[in-house]
1. Can you name the residue in the stretch 404-425 that is part of a helix (DSSP H, G or I) and at pLDDT 90 or above and is also nearest to T372 (Cα to Cα) among such residues?
2. Working only within the stretch 426-479, note down all residues that are among the small types (G, A, S) and assigned to a helix (DSSP H, G or I).
3. Please list, ordered by first then second residue, the pairs with beta carbon atoms under 7 Å, 6 or more apart or interchain, first in the stretch 134-148 and closer than 17 Å to L50 by Cα and modelled with pLDDT of 90 or more, second polar (S, T, N, Q) and in a strand (DSSP E or B).
4. I'm trying to understand the selection: among the residues of the stretch 10-58, which are polar (S, T, N, Q), open to solvent by 30 Å² or more (accessible area, probe 1.4 Å) and part of a loop (DSSP other than H, G, I, E, B)?
5. Considering only the stretch 141-169, state which residues are open to solvent by less than 30 Å² (accessible area, probe 1.4 Å), outside any strand (DSSP E or B) and in contact with an Asp or Glu (Cβ under 6 Å, 6 or more places away or on another chain).
6. Out of all the residues in the stretch 110-122, which are charged (D, E, K, R) and in a loop (DSSP other than H, G, I, E, B)?
7. If we scan the stretch 123-135, do we find a residue that is of a type in the set (K, R) and in a strand (DSSP E or B)?
8. Among (1) surrounded by 21 or more Cβ atoms within 10 Å (Cβ to Cβ); (2) in contact with a strand residue (DSSP E or B) (Cβ under 6 Å, 6 or more places away or on another chain), there is one condition D199 misses while meeting the rest; what is its number?
Amino acid sequence: MSRDVTLPAGWSYVIGLEVHVQLLTRTKAFCGCSTDFGAAPNAHTCPVCLALPGALPVLNREAVELAVRAALAIGATVHETSVFARKNYFYPDLPKGYQISQFDRPLATGGAIDLPDGPRIGITRLHMEEDAGKSVHDKYAGATAIDLNRAGVPLAEIVSEPDLRTPADAGAYLRALKQVLEYTGVSDCSMEEGSLRVDANVSVRREGETGFRTKTEIKNMNSFSGVERAIEAEARRQVALYEAGGAVEPQTMLWDAARGEVRPARAKEGSHDYRYFPEPDLPPLVVTAADRARIAAALPELPAARRARFVREWGVAGRDAEVLCADRLVADYFEAVARAGGNGKAAANWVTGEVLAHLNATGTAIAAYPVTPQRLADLIALAGAGTVSASAGKQVLARMLDSGDAPAAIAEREGLVQVQDDSQLVRWIDEVLAEHPAEAARFLGGERKLQGVLVGFVMKKSKGSADPRKLNQLLGARAGG
């Protein structure tokens, strides 16, 4: 990687990310309360997630399966035995005064995420834990309210190695990881609903240094662009401190997106501050070799493999494959179109062009797109055969979105079928030459650059229905070409 130009010359980034992913379960990690988003405050609570005396946690098997699936999908080693621990700290929205997490014996270690056209980013560990509640500061004048609906929601925390060297690579890593988690159905990764949150560990060092300097941690960011901006701001702050002869303190930082700056929240805790000890109410978690094999066998094709296959099997350009595979359902839709019509390149052009443009303009999900893969394949076939022109094909697709009719019927009804009859084309050419005698004389006299102008006149006269390929052939013949 080249040096990132967002830092002063001579300095480089060292970045590691901790990604907290809400596992897509119906109930919480250690009780039967719902994980549905948007309920009234404290509606999804019970004695367990309220930490009432005598309430005991019971581990959610579905959450374990999803966490193992995530670990296998990123190439991590899932350990046969892992241990839950109590991570002791006090926040108003953590009712027990400790969080059930994993520490020295996590569910999985190792693995990696390959960035598109970039480096491989190592994974340190993936462990399970429960979420805390939420402090609400902005709804009640002069008071902070506590909503414990999220308390106990199951999370997987995925910790990267400090392998990232630019904010842009951090964003690329997060997008690649999000794709894997969505493809495998581990999480919906909705950052708006808090299903995916990011902490960034940031330090800087002089170019050529191999050791690590003091790092800070920027907590609880919920947009990828925000992560990139926060990392840059914090690294610039650290460089300024060093260049002024100061030192960086190990702090937990908060990102202020409106001001574009980071600010310290508290001194950064170390593992000794949390006073970890094994959770006495939960036995060790055992994931057998048979369990691992069963979950691995059920994994879907992952994004990197699918991108490579689209290039190999359908002849799709690498950049188009990346766009198509960014969303699993879009990739499914493309492949259904390609299989129905047999033309992968044309299917990719239409899906990455007209289809995604419509989805982005209307905020529609691909699952709600009204044109079926078979109907789009039929339209692509009409355009490929020259029955409709490229511009007419776009008009046909627009009508299909409204009516749901077959493309051939729409093209016929709207007069968009491309005219290929030589006699009709010749009549239009004769009329255009008569209407534009000066241009006709220059063209017939050898000024071939006017051919495109005359084709445009004929296309206008035919209301776009003339076949431009045949028009060019016939006009070329008139000029002796």
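The values are calculated or read from the model by the stated rules, or taken from the named source; none is laboratory data. Note that the structure is predicted; figures quoted are calculated from it, not measured. Because the Cβ atoms are built from the backbone with ideal geometry, glycine has one as well, and the counts that use them run over all protein chains shown. Heavy atoms of the whole protein, side chains included, go into the accessibility calculation; ligands, DNA and RNA do not. Shrake-Rupley method; radii C 1.70, N 1.55, O 1.52, S 1.80 Å.
1. So, considering only residues that are part of a helix (DSSP H, G or I) and at pLDDT 90 or above, the one nearest to T372 (Cα to Cα) is P407.
2. Hits for the stretch 426-479 are A434, A438, A440, A441, G452, G456, G476, A477.
3. I146/S135
4. N42, T45
5. Listed by number, the residues that qualify are G152, V153, T166, P167.
6. Scanning the stretch 110-122 gives a single hit, D117.
7. Keep residues of the stretch 123-135 that are of a type in the set (K, R), which gives 125, 134.
Checking the rest, the ones that are also in a strand (DSSP E or B) come to 125, 134.
Yes: the stretch 123-135 contains one or more residues that are of a type in the set (K, R) and in a strand (DSSP E or B).
8. (1)
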